[in-house]
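The values are calculated or read from the model by the stated rules, or taken from the named source; none is laboratory data. This one's a predicted model, so the numbers in the text were calculated from it and none came from an experiment. Positions of Cβ are backbone-derived with ideal geometry, glycine not excepted, and every protein chain shown enters the neighbour counts. To get the accessible areas, we keep the full protein, side chains included, count just its heavy atoms, and leave off ligands, DNA and RNA. Shrake-Rupley method; radii C 1.70, N 1.55, O 1.52, S 1.80 Å.
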Amino acid sequence: MSEAINKPAEEKKAAKYVLREVVEREVYQAAWDAKKRGEPVGWSSSKFPSEITEALGLNLVYPENQAAAIGAKHGGERMCEHAEAMGFDNDICAYARINLAYAAGHEAEEKPMPQPDFVLCCNNICNCMTKWYENLARMHNIPLIMIDVPYANTKEPDQNKIDYIRGQFDDAIKQLEKIAGRKMDMEKFEEACSNANRAAKAWLKVCSYLQYTPAPFAGFDLFNHMADIVTARAKKATALAFEQLADELEENVKTGKSTWKYDENHRIMFEGIPCWPQLGKLFKPLKERGINTTAVVYAPAFGFEYNNMDELMAAYCKAPNSVCIEKGVEWRETICKENNVDGILVHYNRSCKPWSGYMPEMERRFRKDLGVAVAGFDGDQADPRNFSEEQYNTRVEGLFEVMQANKAAKEGGNK
Amino acid sequence: MSAIYTMGIDIGSTASKSVILKDGKEIVSKAVIDVGAGTSGPKRVIEEVTKEAGLSREEISFILATGYGRNSLLEWADHQMSELSCHAKGANYLFPNVRTVIDIGGQDAKVLKVGPNGVLSNFVMNDKCAAGTGRFLDVMAKILEVKVSELEGLSAQSTEDVSISSTCTVFAESEVISQLAKGVHKNDIIKGIHRSVAGRVGGLAKRVGIEDDLVMTGGVALNGGVVKAMEEALNHEIKTSPLTQYAGAIGAALFAYKKYEGVNKK
Ligand code: SF4
């Protein structure tokens, strides 16, 4: 026998590990390395057109992603308290508070990242961003590059809006060229756009597998993979890793396997950002009752495809919490129907005012239009002080009982 | 055939309630202890309700626990359910045509939509803060140096409208103190407090939509001042029962009977 035959085949790493490594290596480690080389590193809001910086070879890290990681590792309260002591009110988004404290020099071993040399803000997500990034720029005395996306009060952005954003886009490129010290290479830009599209396509494919009953994965898994689509979407490695994940899930569908290890008695949509510090607590009463989350608004929102510059601008106009309410309702109700949910769990996120603000009306529409069980609970994406486990459990239990009653009524008996 | 006894235990944040039912119909004993989860309340209420019925644990076929402190009874109870379903079921026992339940407990306020047979079909609950809950009334009574049970009678004597604009317990506390300092009459302040609770919880009720019969359950429903303020806020008749505080426990005992039947039919 030859040696080659005797050699054990190298086991292929599962996509979830590959994805985690992409973020660590290509986003955070790359930024530390750039810093060491004396190159500028930027901080960016989650939905800024990173295709530009990718083409310019500039490294970015992401405050929202960092804050979520710090929150998940239980550093949120400490950082929020630092920010509050600096004068940032308790009512401000916890991501902002955590990151502003970090920018001011309060260390966060949970997720360190290099301090910024410039900041990039696209307020398509919310307006808290604007003030947050202005503060960062002032604290560090560094350039702030802003793309202003006016609030969406129509279902689709009109041409005027696209033109308005396009003007700022061109200006942002000029400013970033100055920071990078080089001209933008259009070929690289197109490559970044193509990577972003490829990653988005694979990501949406991943999300779409939740349509199968039973689902080939636990919907909460999507939250774990979000780091890549937010922070590394214009990179080739991300596209490849998401394509691998899509393949794995397709295989799961074929073989009837799932990463959801419990019964799938009920399927729900989870509305909003999860409470990162309490992921385990969120998950517990759901898994105990066999409730799988098969629709998530937050995750597919970061998978946007486009074919040309105008479509790219239009794609950057939309975020789950800042589209006009009719669009928001349509968006959510479509995934609820496609993914066969029989209940909705609404997170009233005390950090995210825009998201929580239109939830009572959204909740009313869900009840009216879909006729499914709906329960809301109070929580926070990163500040643990705004969540009460007992209250959450009661609401999930109530949701479960209504879903049970609906199921029994459908099956014709009153069990 | 001998009788089937089932027990419902409702452990709230401020009181423990229990009911024993005979054959899923007749209440044979009931007890309430004015302390709730995390205290001796659960143990004492069980002792009292069984003693009153003259029964032992073994003679009770099925025990179902509900309420905020239900987990502390894991060893004792055969099953547990949320207070939402139990209140819906209990309200249906007291008022067979019930369609909407407003339940104000010690730390939660909820509005339930109820289908035929007392099936819970929808609900809305308060947010994390204590505004509009029994806790709010406790705090206010303490500042005013009156007993919670006296609130109703005092508010009935009110002659002037005073508005308590804060729903937040902490802010309302300072608002009440400043009203007292200004010499505003206690009775008028109490009425204002009742209106504040009614406004807050009434808002929740409007969100799910109100249908007849509208019933109020939970300890706070014993305070006619709040019920009256709620009727005014919603412009709608509200039904209550002297057994209102037991609604959750009654529902739990009814579910216990159903569970027992289910198990024994198999
Ligand atoms: S979480 Fe909400 S408030 Fe915070 S930055 Fe994001 S969109 Fe804005």
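Restricted to segment A:368-387, and to residues there that are open to solvent by 10 Å² or more (accessible area, probe 1.4 Å) and closer than 17 Å to residue A:335 by Cβ, the residue that is farthest from the ligand (Cβ to nearest atom) is A:371. Within the bounds of segment A:324-343, is there any residue that is among the charged types (D, E, K, R), within 13 Å of chain B (Cβ to nearest Cβ) and over 23 Å from residue A:208 (Cβ atoms)? No, segment A:324-343 has no match at all. Give me the residue from segment B:119-134 that is open to solvent by less than 30 Å² (accessible area, probe 1.4 Å) and within 10 Å of chain A (Cβ to nearest Cβ) and, out of that set, farthest from residue B:196 (Cα to Cα). Top of the filtered list is B:120. Among the helices (runs of 4 or more DSSP H) confined wholly to segment A:52-161, which include 1 or more residues that are within 12 Å of the ligand (Cβ to nearest atom)? Fully inside segment A:52-161 and qualifying: A:63-72, A:94-103, A:128-140.
Only one of B:162, B:226, B:176, B:146 is within 22 Å of residue B:124 (Cα to Cα) and either touching a helix residue (DSSP H, G or I) at 6+ places or on another chain (Cβ under 7 Å) or in contact (Cβ under 8 Å) with a residue 24 or more places away in the chain (or both). Can you tell me which? Within the list B:162, B:226, B:176, B:146, the selection yields B:226.
In this structure, residue B:259 does not satisfy being open to solvent by 40 Å² or more (accessible area, probe 1.4 Å), under 22 Å from the mean Cα position of the chain (by Cα) and on the phi < 0 side of the Ramachandran plot. For segment B:50-86, the set of residues classified as within 10 Å of another protein chain (Cβ to nearest Cβ) and either part of a helix (DSSP H, G or I) or open to solvent by 30 Å² or more (accessible area, probe 1.4 Å) (or both) consists of B:68, B:70, B:71, B:80, B:83, B:84, B:85, B:86, listed by residue number. Within segment A:327-334, is there a residue that is within 16 Å of the ligand (Cβ to nearest atom), crowded, with 18+ Cβ neighbours inside 10 Å and on the phi < 0 side of the Ramachandran plot? Yes, segment A:327-334 has at least one match.
In this structure, does residue A:351 turn out to be among the polar types (S, T, N, Q), within 16 Å of the ligand (Cβ to nearest atom) and either open to solvent by less than 60 Å² (accessible area, probe 1.4 Å) or within 13 Å of chain B (Cβ to nearest Cβ) (or both)? When the stated conditions are applied, residue A:351 passes them. Tell me, yes or no, whether segment A:398-405 has at least one residue that is under 20 Å from the mean Cα position of the chain (by Cα) and facing chain B (nearest Cβ under 10 Å). So far as segment A:398-405 goes, no, none of its residues is under 20 Å from the mean Cα position of the chain (by Cα) and facing chain B (nearest Cβ under 10 Å). Scanning segment A:14-33 for residues that are closer than 19 Å to residue A:192 by Cα and open to solvent by less than 60 Å² (accessible area, probe 1.4 Å) turns up A:19, A:22, A:23, A:26, A:27, A:28, A:30, A:31.
As a summary of the residue check, residue B:38 satisfies the conditions (1) under 22 Å from residue B:216 (Cα atoms); (2) within 14 Å of another protein chain (Cβ to nearest Cβ); (3) in a loop (DSSP other than H, G, I, E, B) except for the one numbered (1).
Can you name every residue in segment A:367-395 that is within 11 Å of chain B (Cβ to nearest Cβ), in contact with a strand residue (DSSP E or B) (Cβ under 8 Å, 6 or more places away or on another chain) and more than 18 Å from residue B:129 (Cα to Cα)? Of everything in segment A:367-395, those that are within 11 Å of chain B (Cβ to nearest Cβ), in contact with a strand residue (DSSP E or B) (Cβ under 8 Å, 6 or more places away or on another chain) and more than 18 Å from residue B:129 (Cα to Cα) turn out to be A:367, A:372, A:373, A:374.
Of the residues A:96, A:108, A:69, the single one that is crowded, with 24+ Cβ neighbours inside 10 Å and within 23 Å of residue A:226 (Cα to Cα) is A:96.
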